[in-house]
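Data block below; observations after.
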Amino acid sequence: MASPDQVGEHLGVRPDADRVVTHYFTCLDPAYTGWRWAVTVTRASRARNVTVSECVLLPGDDALLAPPWVPWLERLRPGDLGPGDLLPTAPDDVRLAAGFTQVDDSTDREANWELGLGRVRVLSREGRDEAAARWYDGVAGPRAPIAASAPAQCSTCGFFVALAGELRQVFGVCANEYAPDDGRVVSADHGCGAHSEAVDIPAASEHNPPVIDELGYEVVPAGGAEDTASLDDEALGHS
């Protein structure tokens, strides 16, 4: 199992069952700092000799271990998606619901509140137009690199939350935590690979047909007939 210079002092013993105990020893291998050797021994009933059942290397409290394994579907983190990347959404994603359920009872109250009640001043038409032009020409507009390679526009995405007022015709807020624009204002014709209706279509494996030259030919010198004719029967073992 190991050379003598890799086994250190005895750390203790633990009974596992009747006439079965495990002894622990320090591991001196520099590649396994914090690990310990575990040697399980047993003795049969009315027997004098002890038998070694197994010898394994176990991690201790301060052993260096690999991080816990994370399933592939859970390894993606917000900010990992880039231009050209496609992140399909599962059909049963709990963050999405059927389109006819998106209207709630507060729609009329929000429309009345938008008139400006409760605020001393509201955004003027000039201020709104300047903000709209700034957003549309920015990184969340249709000319962004990530939008050029998107499978569809934000206007058809289930994570697109339209703004209130006249700005809702062009802008909304992204609500997909895996999208680069999560929590930011995006244009309706913006897009990214985290679209709710993105579908991962595997690339078809195409094989080129074999090339057979049926018209051309290659001259190959035979040479075997003349050489064979020059040999006598005795050289060939014939009588």
>> Considering only residues that are of a type in the set (A, V, I, L, M), assigned to a strand (DSSP E or B) and surrounded by 10 or more Cβ atoms within 10 Å (Cβ to Cβ), which ones fall in the range 1-31?
In response: Val7, Leu11, Val13, Val20, Val21
> Could you list, in sequence order, the residues of the range 28-78 that are assigned by TED's automatic domain parsing to the domain that holds Val13, among the small types (Gly, Ala, Ser) and more than 27 Å from Ala17 (Cβ to Cβ)?
Replying inline: Ala31, Gly34
>> Being modelled with pLDDT under 80 and among the β-branched types (Val, Ile, Thr) is the filter here; which residues of the range 92-150 pass it?
In response: Thr101, Val103, Thr107, Val120, Val122
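The values are calculated or read from the model by the stated rules, or taken from the named source; none is laboratory data. All of these numbers come straight from a predicted model, not from anything done at the bench. Cβ atoms come from the backbone with ideal geometry, glycine included; neighbour counts cover every protein chain shown.
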